[in-house]
């Protein structure tokens with residue numbers, strides 16, 4: 001452990017720990033390595049998801065200003081036809 005790491009402990013369901021053990025054995029890495037990887041990768045997604053919830057709640061409670069789409073399109077000089085002609089973006 002380096003100075004910039006903090007020890008944590010957690011309880012995992014038995015089946016998850018078994019999967020983690022198999023992965024670690026198959027790759028020669030430690031279970032701790034994979035737990036760090038999962039937390040590091042997953043924290044971005046969790047922060048994003050909870051941020052969306054926070055912003056949605058602020059909109060619902062009128063604590064965040066919104067603008068109608070038509071007003072924004074007018075400000076950006078985009079017509080309905082141009083918007084309809086844009087290809088769909090992947091989710």
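FYI, it's all coordinate maths here, none of it is from the lab. As the structure is a prediction and not an experimental result, all values here were calculated from the model. Cβ sites come from the backbone with ideal geometry, for glycine too, and all protein chains shown count toward neighbours.
Some points to look at:
- With the helix formula -39500 (n - 2.57) applied to DSSP H stretches of n ≥ 4, the chain reaches a computed 222 nm mean residue ellipticity of -20500 deg cm²/dmol.
- Percent of Cα pairs exceeding the 20 Å cut-off, where the set is segment 4-67: 51
- Neighbour-count order for 10, 35, 52, fewest beta carbons within 10 angstrom listed first: 10, 52, 35
- Here the label points at residue 88 and residue 70, each 7 Å from Cα along the C-beta direction, are separated by 2.6 nm in the simple model.
- Cα-based helix-to-principal-axis angle, 14-27 vs the chain, degrees rounded to 10: 80
- Subtracting the Cα-Cα distance of residue 18 and residue 30 from 0.36 nm times their residue separation leaves 3.0 nm of extension gain.
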